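Undergrad: So that we are looking at the same thing, I have put the structure below in structure tokens.
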Amino acid sequence: MEKMTVSQLSIFLENSNGTFLRVLDVLKEANISLIATTIADTSDYGICRIICDYPMKAVEILRQTGLAVAVTEVFALSLENRPGAAVDVLKIFQDGGQNLPYLYSFIARDRFVIVCRTENLEQSSEIIRNEGICFLTDENLPQFS
């Protein structure tokens, strides 16, 4: 079965000045480009979620610097960049009984891309396949950097 997800890095960061900059510097030195990022924080730490052009290389390098990095398979749905595109696709997931614990988005190459985690990869993949929703994979991420 075709892989329909991208590898998202979740980096656990102390909530202090310069920790995110350290991540960016490490990735810059490794010639890895960010495609999308979001940070969720609490008073003590943050979780930085990153989609990049070479995720497994990034994981290796970030771990070598002592950072805690987890990899999660998420969907990157590539939609037409028009009003209502997000609600249209999210209704499809809702109608299919799929909960999306989190999502974020970005624009690339005139496409609106929604990055989302679902609670059931197999069922969500079936929805994407059956509905003909365009998606990105790790293999085509470098063309977006």
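Undergrad: What's the longest piece of the chain with no exposed GluC sites (Glu not before Pro), counting a site as exposed if DSSP puts it in a loop and it has at most 12 other beta carbons within 10 Å?
TA: 3-118
Undergrad: Give the average over all directions of the projected area of the C-alpha convex hull of the chain, one decimal, in nm².
TA: Dividing the Cα hull surface by four gives the mean projection, 9.2 nm².
Undergrad: Distance between Cα centroids, segment 1-70 to segment 92-133: provide it in whole Å.
TA: A separation of 22 Å, based on Cα centres.
Undergrad: Considering only Ile92, Ile11, Ile51, give the residue with the highest GNM mean-square fluctuation for the chain, with springs between Cα atoms whenever their separation is below 10 Å.
TA: Comparing Ile92, Ile11, Ile51 in the GNM, the peak value goes to Ile92.
Undergrad: Taking amide hydrogens as modeled 1.01 Å from N in the peptide plane, which residues meet the under 5 Å criterion relative to Tyr45, leaving out close sequence neighbours?
TA: Distant-sequence amide H within range of Tyr45: Asn15.
Undergrad: If you don't mind, another one. Please turn the phi angles of segment 50-62 into ³J(HN,Hα) values with the Karplus equation 6.51 cos²θ - 1.76 cosθ + 1.60 (θ = phi - 60°), one per residue in order, whole Hz, x for glycine and proline.
TA: Computed from phi, the couplings for segment 50-62 are 10, 10, 9, 6, 9, x, 6, 4, 4, 4, 4, 5, 5 Hz.
Undergrad: Something else about it: Using θ = phi - 60° and the Karplus curve 6.51 cos²θ - 1.76 cosθ + 1.60, what whole-Hz ³J(HN,Hα) does each residue of segment 12-20 get, with Gly and Pro shown as x?
TA: Using θ = phi - 60°, the values come out as 8, 10, 5, 7, 9, 4, x, 5, 5 Hz.
Undergrad: What percent does the relative contact order of segment 73-144 come to when contacts are Cα pairs within less than 8 Å and at least six residues apart?
TA: Relative contact order for segment 73-144 comes out at 42 percent.
Undergrad: Would you calculate a helix-derived [θ] at 222 nm for the chain, using -39,500 (n - 2.57) for each DSSP H run of n ≥ 4 and dividing by the full residue count, to the nearest 500?
TA: The per-residue figure over the chain is -9000 deg cm²/dmol.
Undergrad: Starting from the 7 Å offset along Cα-to-Cβ, what nm value, one decimal, do you get for the label separation of Glu119 and Val87?
TA: My value for the distance between the label points is 2.4 nm.
Undergrad: Report the paramagnetic label zone for Tyr102: residues of segment 1-43 whose backbone N is under 12 Å from a point 7 Å from Cα along the Cα-to-Cβ axis.
TA: Counting only backbone N, you get 8-13, 37-42.
Undergrad: Once phi is turned into ³J(HN,Hα) by the Karplus curve 6.51 cos²θ - 1.76 cosθ + 1.60 with θ = phi - 60°, what whole-Hz value does each residue of segment 116-122 show in order, with x for glycine and proline?
TA: For segment 116-122, the Karplus curve yields 8, 9, 10, 7, 9, 4, 5 Hz.
Undergrad: What size of dipole, in debye to the nearest 20, comes out for the chain about its Cα centre when the only charges are +1 on Lys and Arg C-beta atoms and -1 on Asp and Glu C-beta atoms?
TA: For the chain, the charge dipole is close to 260 debye.
Undergrad: Moving on. Long-range amide H contacts for Leu79: which residues qualify at under 5 Å (H placed 1.01 Å from N, peptide plane, sequence gap of 5 or more or a different chain)?
TA: Residues meeting the amide H criterion: Phe112, Val113, Ile114.
Undergrad: Sketch the reach of a paramagnetic label on Arg22 as a point 7 Å from Cα along Cα-to-Cβ, and name the residues of segment 62-102 whose backbone nitrogen lies under 18 Å away.
TA: It comes to 62-70, nothing else.
Undergrad: Once amide H atoms are built 1.01 Å from N in the peptide plane, which residues 5 or more positions from Ser105, or in another chain, come under 5 Å H to H?
TA: Under 5 Å from the amide H of Ser105 lie the amide H atoms of Val115, each far enough along the sequence or on another chain.
Undergrad: Can you spot the lysines whose alpha carbon is less than 26 Å from Lys3's alpha carbon? Ignore those fewer than 8 places along the same chain.
TA: Lys57, Lys91
Undergrad: For segment 54-145, which trypsin sites (Lys or Arg not before Pro) are in a loop by DSSP, counting at most 14 other Cβ atoms within 10 Å?
TA: Of the trypsin sites (Lys or Arg not before Pro), the ones in loops of segment 54-145 whose Cβ has at most 14 other Cβ atoms within 10 Å are Arg109.
Undergrad: Just the Cα atoms of segment 73-144, one point each, no solvent: what log10 I(q)/I(0) does Debye give at q = 0.13, 0.19, 0.23, 0.28 Å⁻¹?
TA: -0.33, -0.74, -1.10, -1.56
Undergrad: Projected area of segment 1-80, taken from the Cα convex hull and averaged over every viewing direction, in nm²?
TA: 6.3
Read-outs throughout are calculated quantities, based only on the coordinates presented, and are distinct from any laboratory measurement. All values reported here derive from a predicted model rather than from experimental measurement. Glycine also receives a Cβ, built like all others from the backbone with ideal geometry; neighbour counts cover every protein chain displayed.
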